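Here the structure is laid out as structure tokens; the discussion comes afterwards.
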Amino acid sequence: MPASYCVQYAASNRSTCKTCKTKIDAGALRIGTITAGPGDYDITSWRHLACNKQPKGLVEAELAGFDALRPPDQQAVRDWRTAAAASPAKKRSADELQAVVELDPKKMKLPALKKALQQHGLKPEGGKAAMAALLSEVVERSALELRYSALSLLELKALCEANAQLKGGTKPELVQRCIDGKLHGALPRCPQCGGGLLKVVYAQPHGHDGQGRFSCPGFHDGDAFQRCPYTATSAVRLPWVEP
């Protein structure tokens, strides 16, 4: 039988995310993958929403529990689906990244510039200067991906810790987190509650200048989990530090 999915708030902090292997905080939004067990029962594997790859063709109606979520969290699920649709299809090899790094958008002729943008899933719109600027961002991101991918998992975690960013997740997730921080600055603490580290979802993969839909996931105050309804469409990013 194919897997089914559900979303809910974690009732305790006993469940562990199957992707990043860290505990899911009590009250945190989590997504469950439900599969048939070896007997007459189902098995649910829990993950943080951000850690779960979106199943192909998944729609909101197929997410049990979606209607019971608060409106900000329903929007977080929609943002997750949008971000998943816009994310790269596959990991690029070092040779592929190096080929992008060697591009010089300012010196490229218009046909080559348009073709390069299309190859990266971007629309060749606006004047030549605008297209060159967009491709330059792709080149810069590729250079950073090449650089951070060469670091070990422990080095990436140390870099995130130095910038007070989340350290959980797989190596590709940490690489992307460091790229985002280097390009746009570290994510700040919530200006409303002061405890949660803001999360951001971008409307498109490029050209957003580090601004998107920001939300606060809440925080732990002792043994109690404190929710926070804060959302915003802009935030002041902090300087990225590289020890």
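Within the stretch 10-31, work out how many residues are of a type in the set (Lys, Arg) and crowded, with 19+ Cβ neighbours inside 10 Å.
The qualifying residues number 1.
Which strands (runs of 3 or more DSSP E) sit wholly inside the stretch 153-243 and have at least 1 residues that are more than 30 Å from residue 133 (Cβ to Cβ)?
219-221, 224-226
Just to be sure, is residue 218 more than 19 Å from the chain's Cα centre (by Cα) and on the phi > 0 side of the Ramachandran plot?
Judged against the criteria, residue 218 is not a match.
Taking the stretch 95-123, which residues are among the small types (Gly, Ala, Ser) and modelled with pLDDT under 90?
121
If I go through the stretch 122-135 residue by residue, how many of them are assigned to a loop (DSSP other than H, G, I, E, B) and touching a residue at least 12 places away in the same chain (Cβ under 8 Å)?
Adding up the residues that qualify gives 1.
I'm trying to understand the selection: among the residues of the stretch 102-150, which are over 23 Å from the mean Cα position of the chain (by Cα) and crowded, with 16+ Cβ neighbours inside 10 Å?
Correct list: 103, 105, 108, 113, 114, 116, 124, 131, 132.
Could you please find all residues in the stretch 227-243 being polar (S, T, N, Q), without any contact (Cβ under 8 Å) to a residue 60 or more places away in the chain and either closer than 13 Å to residue 193 by Cβ or surrounded by 11 or more Cβ atoms within 10 Å (Cβ to Cβ) (or both)?
Correct list: 234 only.
Please list, ordered by first then second residue, the pairs with beta carbon atoms under 6 Å, 6 or more apart or interchain, first in the stretch 188-206 and touching a residue at least 60 places away in the same chain (Cβ under 8 Å) and closer than 18 Å to residue 160 by Cα, second of a type in the set (A, V, I, L, M, F, W, C) and surrounded by 16 or more Cβ atoms within 10 Å (Cβ to Cβ).
Taking only residues 6 or more apart or on different chains, not a single pair turns up.
The values are calculated or read from the model by the stated rules, or taken from the named source; none is laboratory data. For clarity, every value in this text was computed on a predicted model and none was experimentally measured. We place every Cβ from the backbone using ideal geometry, glycine too, and count neighbours over all the protein chains shown.
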